[in-house]
């Protein structure tokens with residue numbers, strides 16, 4: 001019997017059971033939820049200047065963004081996404097040159113999540129030209145930045161450098177406009 005007392009007391013100290021009536025404190029809840037919420041965003045390599053209709057003339061940027069949780073798994077995100085297109089600066093620590101365009105998208109409802117979320121577990125945003133289109137040139141590099149502002153006012157950013165190439169049917173030898181002014 002005396003041998004069981006240390007074993008029982010050791011088991012009682014080792015258990016961290018709080019019982020069915022336990023309610024986590026606010027900091028504990030925040031910590032638990034933070035495991036499943038976006039920790040970073042990644043602009044995917046599918047991001048490109050693209051036509052959004054059958055004519056193949058570029059209408060804007062298809063921005064493909066994947067929010068990731070602390071484990072690196074894809075997760076849905078609500079809040080404000082905003083995007084900026086910049087010229088690319090060679091041989092510079094800050095690759096962003098002149099800002100050419102700005103877009104924002106708010107995801108605040110289930111319908112908006114469904115609108116942008118894909119089966120590939122990423123968001124796709126069609127960012128149509130609104131400004132700076134006259135400065136977009138084929139054969140040039142550009143920097144796209146994506147910023148996600150969470151509902152609790154945390155900011156998460158990523159940037160992506162890409163080349164703009166025209167589809168073969170719109171090569172400079174044809175008479176089709178490079179990018180329409182809107």
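Values in this text are rule-based calculations from the coordinates and carry no lab data. Predicted model only: the values in this text are computed from it and were never measured. Cβ: placed from backbone, ideal geometry, glycine included. Neighbour counts: every protein chain shown.
Here are the numbers for this structure:
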{"read-out": "Neighbour-count ranking [beta-carbon atoms within 10 angstrom, fewest first] of 166, 35, 85", "value": "35, 166, 85"}
{"read-out": "Residue order, fewest to most surrounding Cβ atoms within 10 angstrom, among 88, 142", "value": "88, 142"}
{"read-out": "Cβ-Cβ FRET estimate between residue 140 and residue 73, R0 fixed at 25 Å, reported to 0.05", "value": "0.10"}
{"read-out": "Sorted peptide list for 41-49, 146-154, criterion being average Cβ within 10 angstrom, highest first", "value": "41-49, 146-154"}
{"read-out": "Cα-Cα P(r), segment 40-170, percent of pairs per 10 Å interval", "value": "12, 43, 33, 12, 1"}
{"read-out": "Exposure proxy order (Cβ contacts within 10 Å, fewest to most) of 122, 32", "value": "32, 122"}
{"read-out": "Rounded FRET efficiency, nearest 0.05, which uses the C-beta distance separating residue 50 from residue 98 and R0 of 25 Å", "value": "0.70"}
{"read-out": "Peptides 50-62, 19-31 ordered by average Cβ neighbours within 10 Å, highest first", "value": "50-62, 19-31"}
